[in-house]
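I have placed the structure first, in the form of structure tokens, so that the comments after it can refer back to it.
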Amino acid sequence: MNTQENKVYEKKFWNILEDLFAGAEVEGKSGYVNLLKVKRKYFKNYLKPNLTAYIEEKLKDFPQFKEELYQKLYSFFHRYFSETGSIYFSYTPLYYKIYDKVYKNEGKKEIYFKPSEYDYNTDFEQILSDKEDVSLFWKTHMLYYIKTDKIIRSMKVEFPEENLYFFFDASEIELKKANEKKQLIYELKEVSEDGTIVLKVLYSEKGKKTKEKEIIKQIKKANKYSRITEEFLKKAIKTFEKQANVDYFINKNAEKFLKEQFDLWMYQYLFSQEVDFDLKRFRQLQALKSIAYRIIEFIAQFEDELRKIWEKPRLVFNSNYVITLDRIAKKENGFEVIKEIISHLKKQEKEFKENLKELEKIKKDYKSFKERFENHNIKNQLEEWYLLEIIDENFKVDEVVEKKLHGLELNEKWQFLPIDTKYFDGLKGKIEEIFDIDEELDGRLIKSENWQALNTILPKYKEKIQTIYIDPPFNLGTNADFNYEVNYKDATWITMLENRISLAKELLNEKGSIFVRCDYNGNSYVKELLKIIFGQENYKNEILINRKRQSIGTPNKFEVESEYLYLFSKSEKFEKKDLYKSRDIASFKWTSFLKQEERNPRERVFLGKTLFPPKGQHFSLVQEKVDKLLKEHYLRLKCKNCGAIYYYDEYDRKGNFIWDIIQNSKERFKFLDIKPDTIVYGVKQLDKCLNCGDDNWKVEYLTSSEQKVTDNWKDIPSYEDNFKFSTENSEVLLKRVIQATSNKNDIVLDFFLGSGTTTAVAHKLKRKWIGIEFGEHFYTVILPRMKKVLFYDKSGISKEKDVKKIYNEKNAGGFFKYYELEQYEDILKTIDYADTDIKEYYEKLKQVLKENFTFSKASPFIFDKKLAKVVDEKGNINIQNLYPDKKIDIKESLDLANLGSNIEGIYKLLNI
């Protein structure tokens with residue numbers, strides 16, 4: 001190998017190492033974009049110079065090995081490059097990215113390549129086939145899944161034949177924080193002097209869409225000769241959007257993973273050679289291993305810093321309470337607070353009346369809460385109530401409270417008005433003064449990516465949750481018309497679920513259970529994943545439920561009309577209650593009253609006759625129950641000889657009994673098998689058959705009007721469409737889930753909250769609840785829905801008799817808290833490469849705060865710039881300096897993290 005070839009491998013190695021470490025170049029604005037820039041700076045300014053010096057030192061005794069060293073380093077490290085800088089398997093000889101393709105079964109047979117078919121330094125592993133699904137799950141199980149997003153780069157799109165040239169400018173795009181689904185939209189930035197149409201690329205907020213006709217109008221105004229049409233504009237956008245999705249991960253233990261992989265690589269190399277190694281060769285290979293380990297340690301230091309940031313509890317932002325007036329009125333001095341609320345409402349009333357015409361139009365044009373809240377910036381509490389249809393245009397604030405002889409009293413009609421503290425200055429603090437928040441809150445709504453939320457609430461709620469229900473995004477392979485990303489690689493999807501469900505398990509108490517909804521796209525994966533997390537012994541049921549709509553026109557297979565709920569318990573102490581449903585008339589039938597095995601006493605008395613069961617059998621129920629069922633006509637005697645049927649009749653009407661009793665429509669289902677020619681008697685006492693004189697009897701039992709709920713739940717709808725949400729779970733489904741596995745005041749959790757069905761049903765059933773959701777519909781669907789539930793929502797299960805007893809127009813109300821959490825992306829936006837030594841920085845903090853602190857082992861380190869803003873030279877902490885544009889709820893932040901309320905708790909929370 002000549003010197004030029006050596007330099008090629010040396011250059012290739014440093015390039016691939018930089019790519020492995022820092023990922024691909026990405027445009028736009030986000031915490032990740034900042035992170036990748038920081039990593040490249042760290043690589044060029046520190047990692048590469050230090051590693052170069054270390055390599056030179058290790059090779060001083062055999063410089064001729066340098067050529068081969070770089071070739072082998074490249075051979076190993078090039079496998080682990082990903083566009084996002086995530087560390088995991090990514091490259092094999094068969095495919096540039098087996099990670100992308102291992103699930104795309106293209107009908108190929110399994111192929112194994114011999115080392116001789118490739119450069120012997122490149123790869124020696126057996127190649128995994130497209131069919132080996134489990135191997136791909138293994139490839140990502142060591143990772144934290146963060147999000148899926150596009151790597152968006154500015155690009156040109158040209159149509160020379162039409163003299164149309166586009167430039168898509170992605171330099172200012174704010175990338176996604178997590179896995180929320182957002183559409184790309186476009187605005188005209190300019191038409192340049194050479195006629196190029198420059199389009200600004202953005203992510204949509206609050207349902208905003210690209211206005212193609214407006215863009216065309218603007219282009220033609222700037223260049224009247226332009227041949228632009230809507231067709232070419234859409235074609236250009238479609239071309240631009242072909243940029244691929246990528247997955248962002250953090251390796252849980254990068255050093256262990258890469259060192260294990262290097263040891264395997266080295267083992268394969270050593271045993272693939274057919275030559276003897278002398279001492280010099282062994283020293284060279286030892287140097288190779290030492291250098292590779294040093295590279296891995298440098299890479300892992302940074303990855304470990306990211307892991308620590310990912311695992312850190314989050315701060316609480318922009319918290320508020322929603323509470324109904326009746327709850328406040330019950331408190332001592334509660335009416336003093338209500339007077340202040342009324343005073344605020346009167347000030348808002350004037351603005352409400354002024355905007356009434358605009359509000360009426362919003363209400364008329366948009367029927368769903370989602371559309372109304374997306375298309376109107378609500379200014380005060382009265383506007384919100386009006387759009388929620390809690391009040392109308394005739395509402396008067398003065399009517400909320402009535403003056404009685406004994407003092408003030410809430411108007412019964414308005415006692416459940418949901419008060420949102422964000423509309424009332426100072427009210428939040430007063431609520432915290434008069435309420436025991438932990439004891440009296442009904443629930444919490446948390447806007448956050450769900451892993452970070454689960455990790456944040458874990459210290460407070462560990463082993464306190466009774467029931468978890470989740471309907472995660474199905475892995476459909478297309479983004480379709482859903483509110484979530486559903487276009488995952490299979491391994492990414494499974495890893496995403498594994499990370500989150502593993503955390504959720506820690507939240508469940510020993511009697512608790514989890515329901516996971518899935519369809520045929522992933523049910524086989526989900527069931528096996530849940531077995532791994534909860535154990536085969538805690539698998540309870542695969543429950544069959546209805547699909548939203550039956551698949552139509554699917555060739556070569558039966559139409560799909562079912563989905564599944566997988567039920568797993570936390571332990572053998574699992575709490576489950578039997579549920580019953582009304583039986584269909586067609587399924588009522590008279591059956592035998594006998595069961596196997598003998599029991600004492602053997603005899604039972606039926607209509608005055610003492611009967612014994614056959615040998616080896618017994619009658620199903622005790623005498624007391626027999627007497628009751630006879631009187632209710634769920635038991636009867638039948639003559640084995642002539643078939644005459646005998647019912648209990650207090651009036652002993654004999655043959656006239658049936659025609660009198662059958663007039664009672666409520667009892668008619670008990671006599672459906674009686675035909676005109678059937679011989680029927682009503683008696684109090686019986687000796688021998690009144691029809692044939694025989695004395696040989698069969699006891700028959702009518703199945704109850706209710707039947708036990710089994711694992712087939714297709715008798716109820718599983719989806720609804722009340723809130724214009726594509727995957728809105730039905731309330732009756734969640735009612736069954738919650739009633740079967742929890743009791744009053746137990747906590748129910750849903751961390752894929754969607755439209756908020758779980759929290760709505762939990763509240764109606766008098767459970768406590770926690771709902772976690774990151775989509776923008778948190779504010780346009782979930783929050784409005786829960787406010788309406790507090791006032792009184794007459795839809796869904798509210799119509800059912802058992803629910804009406806505990807939740808109705810006179811028994812509604814509630815109290816919950818809602819807020820956002822600090823996100824990983826928020827933290828990444830503030831980090832920087834540290835030019836100063838970390839020990840020196842922490843020594844300064846130690847002197848100022850008079851405390852001992854642990855610090856990163858990385859040197860230099862990821863420097864969190866915001867910490868410098870928090871602590872001044874006198875040791876004072878101003879938390880608000882962390883995020884000047886947010887209102888930080890430090891009390892709730894500390895409470896969730898179980899860190900108390902003293903200064904030490906704040907230090908730990910900030911991870912100083």
Using modelled amide H (1.01 Å from N, peptide plane; none on Pro or chain starts), what sits under 5 Å from the amide H of residue 774, excluding residues fewer than 5 places away?
448
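Which pairs break 18 Å Cα to Cα here: 312/460; 422/768; 370/413; 182/361? The partial results should precede the final answer.
On the way: 312/460 14 Å; 422/768 23 Å; 370/413 26 Å; 182/361 28 Å.
Going by Cα-Cα distance, 422/768; 370/413; 182/361 fall outside the 18 Å limit.
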Ordering 496, 155 by accessible area with a probe of 1.4 Å, largest first, what comes out?
155, 496
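Sorting check: for 777-783, 737-743, which peptide has the highest mean count of neighbouring beta carbons within 10 Å, and how do the rest follow? Don't skip to the end; give the middle numbers.
Numbers: 777-783: 23.9, 737-743: 21.1.
Going from most to least packed, we get 777-783, 737-743.
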Probe 1.4 Å, all protein chains in place: accessible area of residue 239 in Å², nearest 10?
50
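Once you have the Cα-Cα distance between residue 346 and residue 605, take 0.36 nm times their residue separation minus that, and quote the gain in nm to one decimal. Let's see the in-between values first.
Working: separation 259, 0.36 × 259 = 93.24 nm, distance 7.38 nm.
Net length gain for the segment: 85.9 nm.
What number results when the radius of gyration of region 263-355, computed over Cα atoms, is divided by 2.2 N^0.38 Å? The partial results should precede the final answer.
Details: Rg = 34.7 Å, N = 93, 2.2 N^0.38 = 12.3 Å.
With N residues counted in region 263-355, Rg over 2.2 N^0.38 Å equals 2.82.
What percentage of the solvent-accessible surface of region 743-827, computed with a 1.4 Å probe over protein heavy atoms, is contributed by carbon and sulfur atoms?
Working: 1160 of 2400 Å².
The nonpolar share, carbon plus sulfur, comes to 48 percent.
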Rounded to two decimal places and with Rh computed the Kirkwood way over Cα pairs, what is Rg over Rh for region 374-531?
1.10
Excluding same-chain residues fewer than 8 positions from residue 675, which lysines have a Cα within less than 24 Å of its Cα?
589, 631, 638, 640, 654, 666, 684, 688, 698
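From the convex hull of the Cα coordinates of region 180-264, what is the mean projected area in square nanometres? Write down the numbers at each step before the final one.
Numbers: hull surface 37.9 nm².
Mean orientational projected area (region 180-264, Cα hull): 9.5 nm².
Grab the other residues whose beta carbon is less than 12 angstrom from that of residue 250, score K and R as +1, D and E as -1, and report the net. Let's see the in-between values first.
Details: positive: 147, 252, 307, 308; negative: 247, 303, 304, 305, 311.
In short, -1.
Could you give the semi-axes, largest first, of the ellipsoid that matches region 367-426, computed as the square roots of 5 times the alpha carbon gyration tensor eigenvalues and rounded to whole Å?
Rounded to whole Å, the semi-axes are 27, 13, 9.
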Straight-line reach from residue 217: which lysines fall under 23 Å, measuring Cα to Cα and dropping same-chain residues less than 8 apart?
156, 189, 200, 208, 209, 234, 235, 238
Output needed for region 18-81: three equivalent-ellipsoid semi-axes, defined as square roots of 5 times the C-alpha gyration tensor eigenvalues, in descending order, whole Å.
29, 14, 6
Based on the alpha carbon coordinates of region 743-795, what radius of gyration and maximum Cα-Cα distance (Dmax) apply, in Å?
10.6, 32
Can you give me the solvent accessible area of residue 58 with a 1.4 Å probe, rounded to the nearest 10 Å²?
80
Please give me, ordered by residue number, the chymotrypsin sites (Phe, Trp or Tyr not before Pro) of region 533-626 that lie in loop per DSSP and have at most 11 other Cβ atoms within 10 Å.
558
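Report Rg(Cα)/(2.2 N^0.38 Å) for region 530-632, keeping two decimals.
Details: Rg = 22.5 Å, N = 103, 2.2 N^0.38 = 12.8 Å.
Normalised by 2.2 N^0.38 Å, the Cα Rg of region 530-632 equals 1.76.
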Region 396-472: proportion of alpha-carbon pairs further apart than 15 angstrom, %
75
Rounded to the nearest whole Å³, what is the per residue volume of the convex hull around the Cα atoms of region 623-694?
96
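The values are calculated or read from the model by the stated rules, or taken from the named source; none is laboratory data. Since the structure is predicted, the reported quantities are computational estimates derived from the model, not experimental observations. Methodologically, a virtual Cβ is constructed for each residue, glycine included, from the backbone with ideal geometry; neighbour enumeration extends over all protein chains shown. Ligands, DNA and RNA are stripped out before the accessible areas are found, and what is left, the full protein with its side chains, is counted by its heavy atoms. Shrake-Rupley method; radii C 1.70, N 1.55, O 1.52, S 1.80 Å.
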